[in-house]
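See below for the structure under consideration.
The numbers here are math on the coordinates, done by the rules we state, and not lab data. None of these values were measured; they are calculated from a predicted model. For neighbour counting, all protein chains shown are included, and Cβ atoms are generated from backbone atoms with ideal geometry for every residue, glycine included.
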Amino acid sequence: MIATDHCSLITFHHAAGVLAHLVQTGFGGFYDGMAHWAATPEDVMVVGALALLAALGGKDRVRSLVVTLPLAWFAGGALALVIPLLVPGQVMTIVSFGLTGLLVALDRRLPVPLYQALIIAAAAIHGVGNGGAMREAGLGWLGLTGASVSVFIITSLLPALLVRIEKPAGRIAMRVGGSWLAAAALLMIGWWLRAG
Amino acid sequence: MPITFYFPLSTFYSAAGGTLAHASHPDTAAGLLSGLSHPVSGPDHVIAMIAVGLWGAQLGKPAVWVLPVAFPIAMALGGMMGLLGVPLPGVEIGIAASAIVLGIMVLAAARPPLWVAGVIVGVFALFHGHAHGTELPEGANGTLYSIGFVIATGLLHAVGIAIGLIHRWDWGRPALRTAGALVAAGGAVFLYQALA
């Protein structure tokens, strides 16, 4: 048996202002799409921020997130696959998780329509970025499906675990996590502005 | 039949950061680790951030989490100012003064209104953030750097809070105030160095 390290197969592209880390796993487009999501910090952070917000909001919010987020993500990606010019600016992806992180830090329970709009907007922005990256990498629908399934898996597990935490210290820890996300977003906006 | 070993997913972030950093500046290895190490690279920063945790623990709820939430956000704002080249006079003096003032607060077991404590911490956080923002390495990956930077800052607060929990015991209260005196003394040394 021969064990071969294929780390050289991993490729990265800086596409259209979005830090899109396109990962070639060797297992096909679906898994490449899953890995792409996991290797894109902005995408992971927005899902984490929305998971925290849902967990702070209660079980109904968590159930809503599980359905809405992956679907909106896929819809955004599909739009980018169909309309090749549609690519969001990096600042939009930063603002999406920064704003969500701030809401988590403030423990603000948004009205349901506003909450749904936030999920759809954030998912669509990141989904469009994913779709554009998948198109450029030639992963297409399979890659986008992989990325959306990654979102679904995390959205199913993380908020469900977090929402069970009822101790005040647990809620505070989540709010601190939100403040970290908001702070990271502020810094990233600084980087973005400096880069021009 | 050959078995193929593929690169672990956990290495994606560091690899991505390194790759993107190298894309523009071949000699600069920056990213998550760089961001993590930056806040702990200067003892003047370290003692001030730990002092925030000490004071928060001494003040108890809700300051114990409000101060560590306020500090990273204000620091990120300062970092953004530094990144954009917005001048902030007397940064080194402000950093040294932060250690002195926060140390004295812990030494005196001062209990100002929460908003006053928040303003004190927030104003000093601007100085710390500005210093970090102007010292950021060229070519570093902004996303990963920002995440590491905020996490390291938060963990320093957590260290301060953990130490500050000795406040619960009779012997711990004078020990904590002694720690405040040491922080203030350290700040005085840094102030002397800044003025020299």
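In peptide A:89-99, how many Cβ atoms from other protein chains are near each Cβ within 10 Å, on average?
Per-residue shielding by partner chains comes out at 1.
For the range B:74-145, just run the numbers: alpha carbon Rg, then divide by 2.2 N^0.38 Å, N being how many residues it has. Write out the running numbers ahead of the final one.
Values: Rg = 13.9 Å, N = 72, 2.2 N^0.38 = 11.2 Å.
Working it through for the range B:74-145, the quotient is 1.25.
Please quote Rg/Rh for the protein assembly as shown to two decimal places, taking the Kirkwood radius as Rh and restricting both calculations to Cα atoms.
Computed over Cα atoms, the ratio is 1.01.
Which whole-Hz couplings ³J(HN,Hα) result when phi for each residue of the range A:123-134 is put into the Karplus expression 6.51 cos²θ - 1.76 cosθ + 1.60, θ = phi - 60°, listed in order with x for Gly and Pro?
5, 5, 4, 6, x, 4, x, 4, x, x, 5, 5
In a GNM of chain A with a 10 Å cut-off on Cα contacts, which of A:37, A:180, A:73 has the highest mean-square fluctuation?
With Cα springs under 10 Å in chain A, the top fluctuation among A:37, A:180, A:73 is at A:180.
Using R₀ = 35 Å, calculate the FRET efficiency as 1/(1 + (r/R₀)^6) where r is the Cβ-Cβ separation of residue A:193 and residue B:109; round to 0.05.
Numbers: r = 41 Å, r/R0 = 1.19.
Computed FRET efficiency for residue A:193 and residue B:109 comes out at 0.25.
Taking springs between alpha-carbon atoms closer than 10 angstrom, which of A:176, A:128, A:87 fluctuates most in the Gaussian network model of chain A?
Result for chain A, Cα springs under 10 Å: A:176 fluctuates most.
Using +1 at the Cβ of each Lys and Arg and -1 at the Cβ of each Asp and Glu in the protein assembly as shown, identify which of B:98, A:119, B:58 lies farthest towards the dipole's positive end.
Ranked along the dipole, the leading option is B:58.
With the contact rule set at Cα under 8 Å and sequence spacing of 6 or more, what percent relative contact order holds for the range A:49-104?
Answer for the range A:49-104 is 56 percent.
Which of rounded, prolate, oblate describes the range A:39-195, given a ≥ b ≥ c as roots of the alpha-carbon gyration tensor eigenvalues and a/c under 1.5 marking rounded, otherwise prolate only if a/b is larger than b/c?
Values: a/c = 2.12, a/b = 1.41, b/c = 1.51.
Judged from the Cα gyration tensor, the range A:39-195 comes out oblate (a/c at least 1.5, b/c at or above a/b).
Mind listing the long-range amide H neighbours of residue A:23? Cut-off is under 5 Å, sequence gap 5 or more, other chains count too, H placed in the peptide plane at 1.01 Å from N.
Result for residue A:23 returns A:36.
For chain A, what does -39500 (n - 2.57) per DSSP helix run (n ≥ 4), summed and divided by total residues, give at 222 nm, in deg cm²/dmol to the nearest 500?
Value at 222 nm, helices only, nearest 500: -25500 deg cm²/dmol.
Within 10 Å of each Cβ in B:68-76, how many Cβ atoms from other chains are there, averaged over the peptide?
6
Counting only other chains, what is the mean number of Cβ atoms within 10 angstrom of the Cβ of each residue in peptide A:173-181? Mind dumping the intermediate values first?
Working: counts 1, 0, 3, 7, 1, 1, 11, 12, 3.
So the per-residue partner count for this stretch is 4.
How high is the FRET efficiency between residue A:136 and residue B:159 when r is their beta carbon distance and R₀ equals 56 Å, given to the nearest 0.05?
Computed FRET efficiency for residue A:136 and residue B:159: 0.80.
Just A:143, A:178, A:28 to compare: in a GNM of chain A, with alpha carbon springs under 10 Å, which one fluctuates most?
Checking each option, the largest mean-square fluctuation is seen for A:28.
How charged is the neighbourhood of residue A:112? Take every other residue with its Cβ under 11 Å from the Cβ of residue A:112, and add Lys/Arg as +1 and Asp/Glu as -1.
Counting the neighbours of residue A:112, the net charge comes to +1.
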